[in-house]
Amino acid sequence: MTQFAVANGELLIGGIPLTRLAARVGRTPFYAYDRQLLTQRVAELRAVLPPQVKLHYAMKANPMPALVCHMAKLVDGIDVASAGELQGALDAGANPQEVSFAGPGKTDAELRQAVAAGILINVESFREVPILAAASKELGLPARVAVRVNPDFELKSSGMKMGGGPKQFGVDAEQVPELLAEIGKAGLAFEGFHLFAGSQNLKAESIVEAQQKSFALALKLAEYAPTPVKFLNLGGGFGIPYFPGEQRLDLTPIGENLAAIVAEAALKMPQAEIVIELGRYFVGEAGVYVCRIIDKKISRGQVYLVADGGLHHHLSASGNFGQVIRKNYPAAIGNRMDATETETASVVGPLCTPLDLMADRMNLPHAKPGDLVVIYQSGAYGASASPQGFLGHPSVYELIV
Ligand SMILES: *Cc1c(COP(=O)(O)O)cnc(C)c1O
């Protein structure tokens, strides 16, 4: 993977040779996130998108506190999906004015915390309206809301669809006029709309189409709004390449399309700030998962590298977090980057389940116990998206360099 340099046969993470970094951490397995790559990614995106478009970080992709602190300084806002993430975003220094909260099952307590924090709440159910009104009255604070719309279209070719058809997310577009009327009657501080069609999309034309349709839908729904739209979150869904043959997302058409949307919004929705929210795209490629080979076994001719890490730390790489057909994440032996001779080997973890498979029959350098396995593209949906309690192994360490 070209985002990390190699020197003297070792992968460099944050400029530090991997074995030295592992010595510094003092244990394996660990996740390491490269600050410079995070900073670069935000800068690259800003260079292609119109300056009026605000970038929000969806912190469910990676909630590690030091990483969220780093991201909070780079982006324009943080999107949270629980009261726990809300606390994390505020601890990281996010401005509450620029924090928004989406999620299908917000409890009464979470809604009250959100009003007290002064953040924007993406309303996803009629139920939330009277609860927010009561919290607003009791606390003497406005309840800032946007309506999360379940659109009447899907994000084509997305890895995970989160809008269109029947969904637990948001309120169906056709019910939104009624919800807006209730929001008006309840005296909530209406600010705008949130549309999120799906995740992990590598096709620019599908993202462009979803953003166009989202904008058109928001314009239509704005006619029913109690006050002018000040905030329009058009979602994200930008994917990163994980598997052989996957092409990097082409940002140019997305930037051009957003420029057209910004221009149209200036006329038809003049007060609206246009936002996109990204998780994986910001952080996924900046992170690696590193584990150490404990044993090398040969079973009926097949080589197994048994590592001290696996599915319990990195469910995504094992193929059990939303993949339909299991494919290998890109991987390497991080202390044998110059090796020329390779063998076919599988990297498995220590768990007593055949699902604990990090690399299935990959071409890797001849590796030995003590060597360091690196799984790339691991900065998103890693530690926090894995069942760390499963089988009672130690939890994974995380650092940012
Ligand atoms: C999960 C999620 C995101 C982040 O998705 P990525 O694919 O990581 O960019 C953004 N917005 C909402 C509402 C989400 O649920």
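Just checking, which of L305, L311 is part of a strand (DSSP E or B) and outside the structural domain of K213 (by TED's automatic domain parsing)? Talk me through it step by step, then tell me what you get.
On the way: L311 fails: part of a strand (DSSP E or B).
Being part of a strand (DSSP E or B) and outside the structural domain of K213 (by TED's automatic domain parsing) holds for just one of L305, L311, which is L305.
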Worksheet entry | Residues that are within 28 Å of the chain's Cα centre (by Cα) and farther than 14 Å from V401 by Cβ, drawn from region 7-29 | R27, T28, P29
Worksheet item: In region 185-213, how many are closer than 17 Å to S125 by Cβ, part of a loop (DSSP other than H, G, I, E, B) and within 13 Å of the ligand (Cβ to nearest atom)?
Response: 1
Fill in: Candidate set: region 281-311, residues that are more than 30 Å from the chain's Cα centre (by Cα) and among the β-branched types (V, I, T); chosen: the one nearest to the ligand (Cβ to nearest atom)
I294
Worksheet, complete the sentence: A careful count of residues in region 367-401 that are free of Cβ contacts under 8 Å to residues at least 24 places away in the same chain and surrounded by 23 or more Cβ atoms within 10 Å (Cβ to Cβ) gives 0
Worksheet entry | Index of the failed condition, A43 passing every other in (1) more than 13 Å from the ligand (Cβ to nearest atom); (2) surrounded by fewer than 20 Cβ atoms within 10 Å (Cβ to Cβ); (3) under 15 Å from the mean Cα position of the chain (by Cα) | (3)
Worksheet, complete the sentence: If we keep only residues of region 249-260 that are assigned to a helix (DSSP H, G or I) and in contact with a strand residue (DSSP E or B) (Cβ under 9 Å, 6 or more places away or on another chain), then the residue surrounded by the most Cβ atoms within 10 Å (Cβ to Cβ) is L258
Worksheet entry | Any hit, region 196-209, residues being touching a Lys or Arg at 6+ places or on another chain (Cβ under 6 Å), of a type outside the set (S, T, N, Q) and at pLDDT below 95 | yes
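Quick grid of which residues meet (1) modelled with pLDDT of 95 or more; (2) within 14 Å of the ligand (Cβ to nearest atom); (3) under 28 Å from P166 (Cβ atoms):
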position: L55; (1), (2), (3): yes, yes, no
position: P65; (1), (2), (3): yes, no, no
position: I78; (1), (2), (3): yes, yes, no
position: A83; (1), (2), (3): yes, no, yes
position: A92; (1), (2), (3): yes, no, no
position: Q97; (1), (2), (3): yes, no, no
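Could you please let me know if E246 is out of contact with any strand residue (DSSP E or B) (no Cβ under 7 Å at 6 or more places or on another chain), assigned to a helix (DSSP H, G or I) and within 16 Å of the ligand (Cβ to nearest atom)? Before the answer, list the steps.
Values: out of contact with any strand residue (DSSP E or B) (no Cβ under 7 Å at 6 or more places or on another chain): yes; assigned to a helix (DSSP H, G or I): no; within 16 Å of the ligand (Cβ to nearest atom): yes.
So E246 fails the test.
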Worksheet entry | Members of region 353-400 found to be assigned to a loop (DSSP other than H, G, I, E, B), more than 16 Å from the ligand (Cβ to nearest atom) and in contact with a Leu (Cβ under 7 Å, 6 or more places away or on another chain), listed by number | L355, D356, A367, P387
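Touching a His at 6+ places or on another chain (Cβ under 8 Å), within 16 Å of the ligand (Cβ to nearest atom) and at pLDDT 95 or above, is that true of L278?
Working: touching a His at 6+ places or on another chain (Cβ under 8 Å): yes; within 16 Å of the ligand (Cβ to nearest atom): yes; at pLDDT 95 or above: yes.
Criteria met by L278.
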Worksheet, complete the sentence: Scanning region 312-328 for residues that are of a type in the set (S, T, Y) and within 16 Å of the ligand (Cβ to nearest atom) gives S316
Worksheet item: For residues in region 219-242 being crowded, with 22+ Cβ neighbours inside 10 Å and closer than 13 Å to P270 by Cα, which is farthest from the ligand (Cβ to nearest atom)?
Response: V229
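Going by what's in this entry, would R41 be described as in contact (Cβ under 8 Å) with a residue 40 or more places away in the chain, outside the structural domain of H393 (by TED's automatic domain parsing), part of a helix (DSSP H, G or I) and within 26 Å of I13 (Cα to Cα)?
Working: in contact (Cβ under 8 Å) with a residue 40 or more places away in the chain: yes; outside the structural domain of H393 (by TED's automatic domain parsing): yes; part of a helix (DSSP H, G or I): yes; within 26 Å of I13 (Cα to Cα): yes.
So R41 passes the test.
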Item to complete: Determine, yes or no, whether S206 is hydroxyl-bearing (S, T, Y) and in contact with a strand residue (DSSP E or B) (Cβ under 7 Å, 6 or more places away or on another chain).
Response: no
Worksheet item: Got a sec? Which of G77, G26 is farther than 24 Å from S316 by Cα and buried (at least 21 other Cβ atoms within 10 Å of the Cβ)?
Response: G77
Worksheet item: Under the condition of being within 13 Å of the ligand (Cβ to nearest atom) and part of a loop (DSSP other than H, G, I, E, B), which residue from region 136-160 is modelled with the highest pLDDT?
Response: P151
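The values are calculated or read from the model by the stated rules, or taken from the named source; none is laboratory data. Bear in mind that the values here come from a model prediction, so they are computed numbers and not experimental data. Methodologically, a virtual Cβ is constructed for each residue, glycine included, from the backbone with ideal geometry; neighbour enumeration extends over all protein chains shown.
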